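Enquirer: Encoded as structure tokens, here's the structure I'll be asking about.
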Amino acid sequence: MFYKDLIIIADNDWNTFWYQTQQFACGFASHGSRVFYLNRTLQRLPKIRDIKERFFNKSSRLINKNMIKKNVYVITPLLLPPFKILRPINRILIRRVLSSFNITSPLLITYIPTYNAIDIINIVKPSKVVYVNVHHYNSAKVIKDVIKAEKELIKKCNVLFADSYYNKNRLSKLSNNRKIYLSPPGVHYKLFHSSFRGDESIRCKTLYYFGGIGPHIDLSLYNNLGEIFEVIFIGIVDPKIRYEISSKIKIIPPVENLKLPKNLWDSDILTIFYKNTPYIQGVIPAKFFECLATNKPVLVSGLEEVKPYLDVVYDVEGSVKKVLNIIKKLPETEINTLITKKNKIAIEADWSKRFEAFIKNIN
């Protein structure tokens, strides 16, 4: 069953890295739904830099210029922080934002659990409400009212999803053991598979990382490896760590999802080295299945959620020594059976199958 109108309350802007929110919006639009995509709203107190970017220098927020599919309407709601005390003002702002659209009995999918999301639900009166938990909010830098609102939001939802096993268990506890469906990240399989050369495990010269470059990555490990290998980052650098990155690491600006595989052609090894923190415990990176689809060797660190895949990826546990030992053995370990298994996982994670499962569970 597809709905005439659909609202997605996203946790990221449309013109950022390609996530589940944009992918599913396009999926629904392809089936004829009018999709109203609400760009990310506040979940914490804004800093001066945030205000400047949102109101005065919008181009600085532009990471990728993603194509907007027919039937998708991207809306940027300018709302105050989601404090409970500010709800009356935010309700007025929400009505102003949505008043120009004749939205009737929509399916509403929210990726954020704020009082603003609850008030959007109360105002538009959707026929069905879906919540997708994509963050471990108890360890995230959000205002306390987000934690409170999440418990209220859950009671309003008809269907509950989580993007990782950790978040699934978390949401199960918050909802008094209701049924929680998994909705993990996906991949445009054919697109990313096109970056596979076949000689990666033999050459082993370049280590790539793509995505957000911020305090969450194990920068010490990358800097040390930069002394030995050619290390290349593709993404936008958080100003907090800009001057901590070794001068030997090459940084390439982010590119849109459709062009990214071409940029990965020269990579020999793909890496996802994160710091193991309470927040990261609930994270399975959106890029994980994209890395698998390339069939290139994938090295990870600090990620509890990828443990079920350690038969096809390598956990370096934050150690340069382990990285060197693993890379030395890649010609022996990256055999056809491992690559075939990696490939099978990536095919099963194709966005078409992720979307099909999502629709099935909603209905």
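Enquirer: Which of the three applies to segment 5-183, rounded, prolate or oblate, going by the alpha-carbon gyration tensor with a ≥ b ≥ c and a/c under 1.5 meaning rounded?
Expert: Rounded shape, in that the Cα axes give a/c under 1.5.
Enquirer: Under a cut-off of 17 Å between alpha-carbon atoms, report the aspartates and glutamates in cross-link reach of LYS148, not counting same-chain residues fewer than 8 places apart.
Expert: Within the straight-line cut-off, LYS148 pairs with ASP119.
Enquirer: Helix 87-98 versus the longest principal axis of the chain: what angle, 0 to 90°, nearest 10, using Cα atoms?
Expert: 80 degrees
Enquirer: Whole-Hz Karplus ³J(HN,Hα) for segment 21-29, in order, using 6.51 cos²θ - 1.76 cosθ + 1.60 and θ = phi - 60°, x for Gly and Pro?
Expert: Per residue, the Karplus-derived 3J(HN,Hα) values read 4, 5, 5, 5, 4, 5, x, 5, 4 Hz.
Enquirer: Largest first, please: the extent of the C-alpha atoms of segment 189-348 along each principal axis, to the nearest Å.
Expert: 41, 32, 31
Enquirer: A further question on this structure: I'd like the chymotrypsin sites (Phe, Trp or Tyr not before Pro) in segment 214-268 restricted to DSSP loop residues with at most 13 other Cβ atoms within 10 Å, sorted by number.
Expert: Qualifying residues, ordered by number: TRP265.
Enquirer: Continuing with the same structure: Could you pull out every residue, at least 5 positions away or on a different chain, whose amide H is within less than 5 Å of the one on TYR73? Hs are placed 1.01 Å off N in the peptide plane, and Pro or chain starts have none.
Expert: VAL35, PHE36, TYR37
Enquirer: Which aspartates and glutamates have a Cα less than 15 Å from the Cα of LYS125, not counting those fewer than 8 places away in the same chain?
Expert: Within the straight-line cut-off, LYS125 pairs with ASP5.
Enquirer: Among the listed pairs LYS156/LYS360; LYS173/LYS296; LYS262/LYS287; LYS275/LYS296; LYS128/LYS168; LYS4/LYS360, which have their C-alpha atoms separated by more than 27 angstrom in this model?
Expert: LYS173/LYS296
Enquirer: Tell me whether segment 223-292 comes out rounded, prolate or oblate; compute the Cα gyration tensor, take square roots of the eigenvalues as a ≥ b ≥ c, and use a/c under 1.5 as the rounded threshold.
Expert: The shape class here is rounded.
Enquirer: Rounded, prolate or oblate: which fits the chain when a ≥ b ≥ c are the square roots of the eigenvalues of the alpha-carbon gyration tensor, with rounded for a/c under 1.5 and prolate only if a/b beats b/c?
Expert: Prolate, because a/c is 1.5 or more and a/b exceeds b/c.
Enquirer: Cα axis of helix 144-156 to longest principal axis of the chain: angle in degrees, 0 to 90, nearest 10?
Expert: Roughly 70 degrees between the two axes.
Enquirer: Of LYS69/LYS341; LYS259/LYS322; LYS205/LYS341; LYS65/LYS344; LYS248/LYS329, which sit over 27 Å apart, Cα to Cα?
Expert: Flagged as over cut-off: LYS69/LYS341; LYS259/LYS322; LYS65/LYS344.
Enquirer: Starting at the first residue of segment 127-139, write each ³J(HN,Hα) from the Karplus equation 6.51 cos²θ - 1.76 cosθ + 1.60 with θ = phi - 60°, in whole Hz, x for Gly and Pro.
Expert: In residue order, the calculated couplings are 6, 8, 10, 10, 10, 10, 7, 10, 9, 8, 5, 5, 10 Hz.
Enquirer: Along the charge dipole of the chain, which of ILE7, THR294, PHE210 sits closest to the positive end, that is, farthest toward it, with unit charges on the beta carbon of Lys, Arg, Asp and Glu (+1, +1, -1, -1)?
Expert: Of ILE7, THR294, PHE210, it is ILE7.
Bear in mind that the values in this text are calculations on the coordinates, not laboratory data. Computed from a predicted model, the values in this text were never measured in an experiment. All Cβ positions, glycine included, derive from the backbone under ideal geometry; neighbour counts span all protein chains shown.
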